[in-house]
Each structure stands twice: as C-alpha cells, then as structure tokens.
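Q: Have a look at this one before I ask anything.
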Amino acid sequence: MSSGSETTPAVHPALASVLDRPTPFPSSSFSSSAAAAPAPASPTTSPGTPAGFPFTRPDLSLLDAVGQCGDLAEAARRTGSRGGAVERQLERLDKAVGLPLTLRGRHTARLTSAGSRLLAAGRRFFRQVDLAVRTDIFGHGPEAVDAPAVLAIASAEPFLEDVVEDAAAALDILLSVHHDTPQQVMRRLAGYHVDAAHTWSLDAPGRSLERPVRTYPVLDDPLWVTLPQGHRLAGGGAVPLADLRDETWVSEVGPDSEVLVARVFQAAGLPAPAALHVTGASVARGMLRRGDAIGLGSPTRPAVVAPSVVHRSLVERPHRSTSLLVDPTVVPGALAEHLAELLADRYLHRFADRHPDLLTDPWWTSWYRERTTGAARAAAPAPAAPAAPDIAQGTRKLDVDDLHVLRAVARHGSINRAAAVLSISQSALTRRIHRLELGLGAQLLLRSARGTDLTGSTRSFLHRLGRFEAEFHEAAQSCRGLALPGATGTPRQDPRAMPQPAPSAT
C-alpha cells in the first residue's frame with residue numbers, strides 16, 4: 001500500500017455489498033472514488049453500457065492482446081484499432097475499474113496483477129453468459145458448452161505431455177500443458193490461469209478451491225516402495241511399512257502441502273520416519289536412482305527403472321488418487337470424461353510395459369485386470385443421444401450493452417417504458433431487439449395484440465446474470481490488495497505481477 005502523498009485507486013464501496021443488490025447491473029459500482037463522476041462514453045462502449053460490468057468483449061480482446069504480445073502497436077493490429085485509440089481505451093478501463101490494469105511505456109504494455117485477474121474474471125463472465133444463452137434460451141441442457149479450441153491445463157504429472165497428440169487425434173482438442181508442482185497446479189487453477197488441472201491427492205481433490213470445478217477420477221493409484229538392489233528387503237515379497245521406518249526416505253509434497261510419505265505412515269498408525277527428505281519430484285527420482293534414499297512409486301509417476309533399484313509392494317496397500325479437475329463453464333462434461341479415460345488408458349499401458357516385475361504379484365495382476373476391463377467398458381461407444389432440436393442458431397454473442405437493453409425491458413415491463421429510460425424511441429428499441437434476435441437465431445420477445453413481453457426463457461436467462469456479475473465483482477474486490485501506487489498517469493512497474501493467463505479467444 002502507498003503512503004504520504006501517493007494514493008491508491010479505490011474500488012467503490014458498493015462492491016462490498018454487491019450480493020445484496022437486487023439488480024445485476026448497478027450504475028456506479030466501479031467509480032474510482034465515491035464522488036467520482038461517470039466516465040464519458042467511449043467509441044467502444046455505447047451510452048447504454050452498464051457501469052456495473054465495465055468490460056465489453058472488445059475490451060477483453062484488447063487486454064488479451066496486451067497480455068500475449070506486450071507491444072501496443074501489435075495489440076492495435078490484433079484488435080483492428082489505431083495506436084492512439086488503444087492507449088485511450090486502456091486508460092478508460094483503468095478509470096472504469098478504479099485500478100491500473102496495464103503497465104504502459106512509450107511503445108509497450110503488460111498486464112498488472114489486477115489486470116490479469118480481471119481479464120480472467122471477464123473471460124469467465126462471458127463464458128457463463130454464452131453457456132446460459134445455450135441452456136436457457138436455446139434449451140440445449142446443462143452440458144451445452146462448446147469445447148475450447150485450446151484447453152490450458154496444468155499438470156503435476158509429466159506424463160500428460162505424452163497424450164497431447166492422442167488428445168488431438170481422438171478428442172479433437174489441443175492441450176496447452178503447464179507443468180508445475182501439485183501446489184502450484186492448484187494455484188494456477190484457482191487463479192484462473194488455466195481451465196483444467198491434472199494432479200494427485202490423498203483427500204477429496206479440489207475441496208479447498210474457491211473456484212467452481214468438477215472432478216473426474218482418472219485412476220486410483222496404489223503405492224509401492226523403491227529400494228536399492230542390495231537392500232535387505234529387496235529380494236522378498238510385500239514389505240511392511242514398520243520394517244522401513246528407520247530407513248532414509250525421500251518424499252514430495254502434495255497439493256494441500258501434505259508430505260506423501262508422512263501421510264502414508266500416519267494412515268498406517270505409524271510415526272513418520274525420522275530421516276525424511278522433502279523435495280520436488282525430479283530431485284526425489286535422482287536420489288532414488290543414486291541409492292541415497294528409498295521412496296514411494298505408483299503407476300502414474302515416472303518410476304525409476306534401472307538395474308540398481310527394485311520395486312516392492314507394501315503390505316498396507318496405501319494409495320492416492322489422480323484426478324482431472326475442470327471448470328464446467330469452459331470444458332464440456334463429455335470431453336472431460338473422455339480425457340480422463342484417455343489418461344487412465346495410457347497410464348495402464350505404461351505400467352504394464354515398464355513394470356512386468358510387479359505383475360508377477362497376484363494383487364497387482366488383479367488390480368491391473370480390473371482397471372483395464374473398466375477402461376475397455378468406458379471406451380466403448382455410448383448410445384447415440386437424441387438429436388437436439390433443429391434451431392437456426394446464429395453466431396451473434398451477447399455483449400454488455402445487449403444485456404443492459406434486455407434488463408431494461410425486464411425491469412420496466414414494456415418496450416415503451418424501457419425505451420424512455422434508454423433515451424431512444426420505441427421503434428428504435430424494437431428494431432434493435434429484432435436485429436439481436438436475428439443475430440442470435442432465438443426469440444427474445446413475445447409479440448401479441450396486447451403488446452410485447454420477454455419470453456420466459458429470456459427472463460430465466462436474465463435472472464442468472466446477477467450471480468455472474470457478482471462473481472466478477474468479487475474478483476475485482478480481491479484486486480484491491482493488488483492496487484498499485486499512483487492513481488494518475490502511467491502506472492508504475494509492479495514487481496508482483498502474476499503470470500499471465502493462458503491465451504483464450506474472447
């Protein structure tokens with residue numbers, strides 16, 4: 001926070017009570033101070049655009065371009081704007097939100113931490129709007145979300161890189177994979193930097209996430225112990241954990257900061273080993289290969305395969321689970337299910353290829369047979385679903401000024417009264433809504449001799465907008481702690497800028 005003469009742009013206090021507001025588009029939610037006057041309308045925002053949601057789709061496209069290229073001229077080229085117009089548009093967005101969203105030099109710009117977060121929140125808002133249009137207005141059901149062209153996914157398992165080509169060929173989806181530790185994977189997902197995550201857990205995955213996600217199990221992951229070839233227990237069968245407590249262990253940390261080896265011993269009713277090195281997965285593999293320590297392995301982990309080590313079952317049969325977590329407003333359920341099945345299938349094939357020694361154990365043989373049989377059933381073609389109604393759906397997407405117009409009709413009860421509030425003629429408003437219907441390929445108004453009214457599906461859609469906007473306001477509220485010193489001029493460099501969100505078409 002700043003001190004002295006420096007001031008931090010503030011988000012209007014109305015943000016704090018957004019959940020209590022009866023309407024989804026308040027008129028002064030994002031002014032930079034309580035007494036600030038409304039910003040004049042810009043060429044990219046119509047006079048009717050609600051101040052409660054300051055970003056239009058073109059605004060988000062501009063922020064996305066800045067985040068991707070960092071050059072003002074290139075951002076202007078990508079968005080079809082002039083250089084001066086780009087800078088004015090960025091300044092307008094800073095004022096509308098009350099936070100500096102970009103760090104701008106003479107020719108360059110990059111997103112601040114607040115800019116990154118609000119870009120991600122804005123993307124989510126419009127994805128929710130698009131999904132609500134399909135489910136409420138077109139009636140295509142709760143899974144009627146289009147698959148993204150590129151799915152940004154974070155993974156704690158390097159093996160995910162091996163299924164990129166299979167996913168493109170079998171599922172027609174391109175994966176942009178970000179590898180990280182289990183903790184960072186969950187932080188990326190929580191921070192909207194990716195829309196899916198693949199990781200392991202010992203408890204319910206994603207239970208501590210504030211972001212709404214849906215979990216798809218990939219594989220239950222039994223654990224074995226990796227021992228040096230000359231170890232006293234290397235030549236026997238299953239090994240009890242109690243016989244290994246005095247050994248030197250190495251362990252990685254899970255998504256909730258849990259130490260894997262310590263938790264496995266705890267679940268068996270044993271104290272954690274006294275000599276326990278906690279490190280990253282790659283360092284742990286190196287230590288196992290050199291014989292510096294013993295550790296846990298599983299079918300989903302890159303196991304150390306060398307003559308100097310052996311893998312032995314554990315009497316307690318500890319296990320963890322691997323899962324795929326996705327944002328259901330971005331990733332269709334059917335796609336997530338097939339991707340989870342593809343991962344499980346590839347894990348099982350790799351296990352059989354690399355660990356024939358474990359398959360001599362009847363327990364592992366039974367586990368493998370059950371999983372491969374289940375995978376085969378899951379991979380079988382599903383019965384054809386009933387065809388969706390033949391609706392002439394258009395390509396137009398609702399923007400915030402469209403939402404404002406529909407909300408005005410809903411709030412004031414008629415085209416005539418809404419037109420007066422919007423300061424346009426009744427016939428102009430009727431023509432605008434008619435053009436919107438043609439662009440969407442959907443009926444929004446009921447027309448009769450008694451007048452016009454919104455359809456029930458349109459009202460249902462508008463009812464959900466309040467929740468979508470409330471989520472955006474919560475994201476803006478969280479950015480107050482990321483505000484930069486200096487309310488005017490070009491924002492100063494922010495050393496705490498977060499990683500940029502993965503590119504996404506807005």
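Q: If you plug each phi of the range 98-111 into the Karplus form 6.51 cos²θ - 1.76 cosθ + 1.60 with θ = phi - 60°, what whole-Hz ³J(HN,Hα) values come out, in order, with x for Gly and Pro?
A: With coefficients 6.51, -1.76 and 1.60, one gets x, 9, x, 9, 9, 9, 10, x, 5, 10, 10, 7, 8, 6 Hz.
Q: Under 5 Å between amide H atoms, partner at least 5 residues away or on a different chain: which partners does VAL239 have, H built in plane at 1.01 Å?
A: Here the answer is SER313, LEU314, VAL315, since their amide H atoms fall under 5 Å of that of VAL239.
Q: Go through 350-360, 67-77 and give me the packing order, highest mean Cβ count within 10 Å leading. Intermediate values should be presented prior to the final figure.
A: Numbers: 350-360: 14.5, 67-77: 18.4.
Output ranking for 350-360, 67-77: 67-77, 350-360.
Q: Given H placed 1.01 Å from N in the peptide plane, which residues other than close sequence neighbours of THR452 have an amide H under 5 Å from its amide H?
A: ILE415
Q: Spelling out what I want: for every residue of the range 163-171, take phi, set θ = phi - 60°, compute 6.51 cos²θ - 1.76 cosθ + 1.60 (Karplus), and round to whole Hz; glycine and proline get x.
A: Whole-Hz 3J(HN,Hα) from phi for the range 163-171: 9, 4, 5, 5, 5, 5, 7, 8, 10.
Q: What does the accessible area of LYS397 come to, in Å² to the nearest 10, when a probe of 1.4 Å is used?
A: So the heavy atoms of LYS397 present about 110 Å² to solvent.
Q: How large is the accessible surface per residue of the range 59-143, computed with a 1.4 Å probe and reported in Å² as a whole number? List each step's numbers first, then the result.
A: Working: 3060 Å² over 85 residues.
Value returned for the range 59-143: 36 Å² of accessible area per residue.
Q: To continue, here is another question. Skipping prolines and chain starts, which residues have an amide H placed within reach, meaning under 5 Å, of the one on VAL259, given they are 5 or more residues away or on another chain?
A: GLY254
Q: At 1.4 Å probe size, with the rest of the protein present, what percent of the exposed accessible area of the range 257-342 is carbon and sulfur atoms?
A: Heavy-atom surface of the range 257-342 belonging to carbon and sulfur, 1.4 Å probe: 56 percent.
Q: Given a 1.4 Å probe, how much area per residue of the range 197-287 is accessible, in Å²? Present the calculation step by step, with values, prior to reporting the outcome.
A: Values: 4050 Å² over 91 residues.
For the range 197-287, the solvent-accessible area averages 44 Å² per residue.
The values are calculated or read from the model by the stated rules, or taken from the named source; none is laboratory data. Computed from a prediction, not measured in an experiment: that's the story for all the values here. Note: ideal-geometry Cβ built from the backbone for every residue, glycine included; neighbour counts use all protein chains shown. These area figures cover heavy atoms from the full protein model, side chains too; ligands, DNA and RNA do not enter into them. Shrake-Rupley method; radii C 1.70, N 1.55, O 1.52, S 1.80 Å.
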